[in-house]
Every structure is written in structure tokens, then in C-alpha cells.
1. Under 5 Å between amide H atoms, partner at least 5 residues away or on a different chain: which partners does Phe152 have, H built in plane at 1.01 Å?
2. Relative contact order of the range 411-480, please, whole-number percent, based on alpha carbon pairs below 8 angstrom and at least 6 residues apart.
3. Quick one: Karplus J couplings for the range 119-132, per residue in order, coefficients 6.51, -1.76, 1.60, θ = phi - 60°, nearest Hz, x for Gly and Pro?
4. Arrange the following residues from fewest to most other Cβ atoms within 10 Å of their Cβ: Phe104, Phe200.
5. Report the calculated FRET efficiency for Asp177 and Glu430 (r = Cβ-Cβ distance, R0 = 45 Å), to the nearest 0.05.
6. Return the whole-Å distance between the Cα centroid of the range 428-490 and the Cα centroid of the range 145-197.
7. Given the peptides 477-490, 157-170, arrange them by the average over their residues of other C-beta atoms within 10 Å, most packed first.
8. Can you compute 3J(HN,Hα) from phi for each residue in the range 133-142, using the Karplus curve 6.51 cos²θ - 1.76 cosθ + 1.60 with θ = phi - 60°, rounded to whole Hz and x for Gly and Pro?
Amino acid sequence: MKKLLPIVLAAALALGAFMPMLAEATDPMAKYAETVKLTTAKSIGDSLQSFIDKKPDVLTDNIWFNDYRNLFNIDVAYSWTAPSAQYREKMNTQIAANDLPDFFQVDASQLKMLVEYGAAADLTDVFAKYASPFTNEMMEADMRVGLGQSTFGGKLMALPSVGGNRDGSVFWWIRYDWLEKLELKEPETFGEMLETLYAFTNNDPDGNGKDDTVGLGMVKEFITDTFGINALSEGLGAYITGWVGKDGAVEAGTIQPEVKKALETLAKLYADGVLDREFIVKDSSKVAEEVVSGKIGMFSGGHAQAFWPLQDAKNANLDSNWRAISIVSDNGEKPKTMLDGSASNFYAVNVDCEDPEAVVKLYNYYYAKDPALSPDFDFHYHGRLDADPESEITEYYNWAAIASWYPMQNLFIHRGVDSYFNDGDESALENYWIMDNINGNQKYMDGDTSYWSTFGWSGPSDYSGEGRIDYYDKNGMFIQNAYIGAATDSMTLYNVTLEQLRLETFTKIITGESSIDEFDNYIAQWKKLGGDTITQEVNDALK
């Protein structure tokens with residue numbers, strides 16, 4: 001049977017129609033002979049508001065907007081602004097009233113609504129003609145995932161605000177000093193991982209003679225990357241919140257047999273006291289406290305945990321040695337961590353906008369100035385004024401009318417740090433992002449433990465957060481969520497009920513209140529309470 005292509009691959013194939021076609025000699029950065037006027041909207045965060053308080057016209061008299069006018073003859077004005085907490089509601093009101101500026105930022109659900117209403121401009125040809133070579137390079141670095149999320153029926157209906165999805169990888173953070181003290185090797189199989197968890201619980205890894213450590217720390221709402229079950233479940237091929245290809249279609253990961261196996265494993269760990277038996281009353285702050293106080297040996301997390309809570313853990317115990325290690329499988333194959341979409345926000349263009357290509361030029365210009373690997377990079381546009389210690393450090397990138405990021409930024413930084421320390425590549429110092437992290441890593445290596453977080457995040461080995469993601473990237477350990485589109489109609493109706501059912505059922509199975517056989521009843525309930533309808537809608541959307 002012919003397999004159904006995941007949405008990203010299908011979108012990427014469709015997007016071939018608007019790969020850069022600059023053979024027409026269009027200059028994507030050309031200045032207009034006459035002024036082009038564009039209107040937009042803005043979400044105002046606390047940081048940006050502080051600058052507005054100092055300079056009321058800062059939104060349109062700043063480094064970005066002045067360049068828009070001087071270099072492109074594009075005059076951008078704000079139709080309205082709203083505090084960040086109110087922006088989405090305000091945008092919904094404007095969409096309902098069909099009172100929209102020329103371009104504006106929306107989330108996935110709002111973009112879907114605009115497309116259904118016919119209010120969003122088709123940018124397929126405009127992007128093909130005006131996207132700069134460097135902008136296209138950024139889309140390729142994103143594996144064109146953001147573009148795929150912005151595509152409906154083979155048409156590009158928005159510009160993605162790309163964040164990159166590799167940083168969504170999960171792995172194990174482990175007390176490596178405990179591992180070495182107990183003379184255990186780094187776990188490479190699921191069985192060895194379980195043995196490590198038991199040893200961390202039963203063999204007094206902190207050497208205080210007390211029964212006060214647990215192998216696995218977890219939060220009460222555990223279907224999450226940080227302090228959750230994802231590192232364990234993904235090692236078994238269980239993707240609880242994702243969609244997986246099966247028999248020529250896609251199915252919800254939450255009802256797959258691999259999830260049942262993960263729950264059965266967790267129930268055994270809970271019964272044996274290896275999983276913290278008090279997890280059902282603990283939020284992330286409480287689990288973080290126990291990581292810091294040296295009571296937990298392993299937890300599921302991502303790259304950001306180098307900054308929290310692990311820097312605090314290092315401050316509390318200089319002898320602690322936290323490292324990022326890979327998820328492990330039970331079948332001898334390399335497991336894969338699931339990647340979601342790379343964009344959570346999008347820039348839609350009003351179908352009535354007379355100059356949609358001007359919005360693409362603004363998109364190009366952000367990519368030209370902000371990413372530190374761009375030939376036209378200028379640190380002033382990002383706002384880090386490190387070159388002038390007397391200058392106030394600001395966030396100038398927030399002042400741009402449109403923004404999108406280099407999706408490989410963090411891996412790019414780690415690889416530069418690694419090449420500097422391990423290969424002696426002095427040219428790495430020439431890059432602004434990398435230099436900053438080289439300096440932080442060097443300070444840690446010279447004995448300043450307050451910089452451990454930099455070392456734990458970008459440090460020159462596989463054991464830093466980004467080092468582990470780099471290992472995943474080089475060893476084919478990613479699997480793409482098969483559906484990363486906007487919430488379907490039935491998801492909006494039923495997801496809250498289904499997620500509550502999942503949490504309650506899984507909690508009861510893990511704690512022994514229900515047997516593992518309750519998982520089969522969960523599948524039946526999930527299907528009946530809207531899961532089957534959602535699955536049909538997802539497959540229809542992918543077709």
C-alpha cells in the first residue's frame with residue numbers, strides 16, 4: 001500500500017513550486033522608486049513597553065524602521081498595538097470584523113481561520129520571486145518545516161516565524177558522578193538504564209548512609225519533556241502527544257501499544273520506589289528543588305535545563321556532575337526523539353494588500369541583519385551592545401516589524417565552540433554568537449563555576465545539552481511528528497476532555513490504582529470521546 005506522506009514532506013514537495021526562481025533577475029532587496037506604505041499590528045511585552053515609556057515613538061523611530069524607509073522606501077505604520085496578554089484576543093476580534101492591517105502576526109489556529117475565510121494572501125509566487133538566497137538558506141536549515149506549516153492546499157499562505165524544532169529533542173540528564181561512584185557504565189540499552197535507576201535508588205549514591213535518593217524524578221502532569229516521561233517513553237518508540245504513520249495513514253501516538261509498555265515499566269518503577277512515589281503532588285518547582293538538593297539521579301529534559309535547574313544544582317554542590325545522555329531503546333536500534341513544528345507564529349498578509357512582496361523584503365532584511373552567520377550581520381540590530389560596555393543592553397530585535405530566526409542557531413553555536421576547543425579553530429572567535437559562548441566555556445574551565453550553565457548548554461562534548469542534540473542530528477535520531485498543522489475543529493471540541501482522560505488513566509496505571517489492562521479501556525474511551533473523529537480530520541488534512 002502506498003504510504004501517506006507526513007505533512008512536512010508533502011508540503012516540502014509542494015513547495016518545490018516556489019523554490020527560489022531568481023533567474024528572472026529580480027533583486028529581492030531593491031529599493032522602491034516610490035514610497036510603499038504598509039500597516040501592521042504589534043504585541044507589546046514588558047521589555048518593549050519600558051522603551052516606549054522612555055521614548056513614545058520608539059516603535060517607528062528605531063534602527064529597523066529607519067532602514068525600512070531609507071533602504072527600501074517602505075513606510076511601516078502600526079494600525080494598533082496590544083499588551084502581549086491581550087494580543088491574541090484583539091487579533092481574533094479584528095479577524096471576525098475583517099478589519100485587518102496589511103500584514104500581521106497570528107498563531108496556527110488564526111492562520112487556519114484566515115485561510116478558510118479567504119482573508120490571507122497567497123504568497124506562493126511572491127515568495128518564489130522575492131525571497132533572498134539567504135532567506136532560502138534559512139528555510140533549508142529548517143528542513144522547510146516552517147514553510148510546510150504555512151502551506152495549505154499546496155499554497156504558501158504566510159511567512160513562518162521560524163524557531164527551529166531540533167531544540168525540542170529530549171534526553172536524559174544524569175548525575176554522572178553517581179554513575180562513576182557506583183562503578184557503573186553509561187547506560188546504552190534500556191535494561192542498563194533501568195539498572196542505573198535502581199542503583200541510584202538503592203545503593204546510596206550520595207554516600208550519606210541514608211535511604212534518601214530516587215532514580216527518577218517526575219512531575220504530577222508528566223506528559224511533558226521536562227521532568228516527564230518522554231525520555232523513557234520515546235526510548236520505547238512511544239510518542240504520546242504526536243502522530244505516527246501506520247498502514248498508509250496516521251494514528252495518534254497516545255493509543256499505540258508502545259505507550260502501554262512504557263506505562264507498565266513506570267508502574268514497576270513506582271512500585272519499587274525507583275520512581276518518586278510522591279510525584280503525584282509535585283510540580284516542576286518542587287522537582288527542581290530536589291534536583292538541586294541532590295535527591296534525584298536522572299530526569300527527562302532538554303537543552304534549557306542546563307540553565308535551570310542544573311546551574312542551581314552546581315551552585316549547591318560543586319562536586320555534582322550533570323551530563324546529557326541519549327535516550328536508549330530495548331530493541332538494539334537507535335531510538336528517535338520526535339520533532340514538532342518549528343514555527344508557533346506566522347506573518348499573514350492581507351489578501352487586499354497591494355504590495356505583498358514588500359513584506360517578503362522585510363522578512364529578508366531581518367534574516368540579513370540578525371543571524372550571526374549572515375554576511376550582513378550587525379550585532380546592533382539584535383541589540384547586544386557588548387562591543388560598547390557603557391551602552392545599555394537592549395533587545396532591538398523586538399523592534400523589528402517582522403522577525404524569524406536561524407533554526408540551527410544553537411547547534412551552530414555548539415559546533416563552533418566544539419571546533420575551537422577540540423580542533424583549535426581560532427576562526428570560531430570571529431562569529432559573534434560563538435565567541436560569547438567560547439568566553440563563557442573558558443571561564444568555567446578556568447574555575448568560575450557560575451558559568452557551568454554555558455558549559456552544560458553549549459560545551460565542547462556530546463554531554464552538553466546542545467552537544468547531545470548534535471549527536472542526535474548526526475546519528476539520525478529524529479522522527480518528525482506526522483501532523484504539525486493547526487488544531488482541527490474536533491481537536492478544539494474534544495482535546496481538553498481527551499487530555500484529562502489520558503492523565504487520569506495513566507496516573508492510575510503508574511500508581512497501581514488500575515492494572516495495565518486499563519490501557520485497553522482507555523483506547524476505547526479515547527476513540528468514543530472524539531479521538532476517531534480527530535483522527536479522520538487529521539488524515540483528511542494530510543491528503
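Bear in mind that the values in this text are calculations on the coordinates, not laboratory data. Note that the structure is a prediction, hence the values are computed from the model and not measured. Cβ: placed from backbone, ideal geometry, glycine included. Neighbour counts: every protein chain shown.
1. Amide H to amide H, under 5 Å and 5 or more residues apart or across chains, Phe152 pairs with Met157.
2. Normalised by residue count, the contact order of the range 411-480 is 29 percent.
3. 9, 9, 6, 7, 9, 3, 6, 4, 5, 4, 7, 10, 5, 6
4. Phe200, Phe104
5. Values: r = 36 Å, r/R0 = 0.80.
Computed FRET efficiency for Asp177 and Glu430: 0.80.
6. A separation of 11 Å, based on Cα centres.
7. Result, highest mean first: 157-170, 477-490.
8. Coupling constants for the range 133-142: x, 6, 4, 5, 4, 5, 5, 5, 4, 7 Hz.
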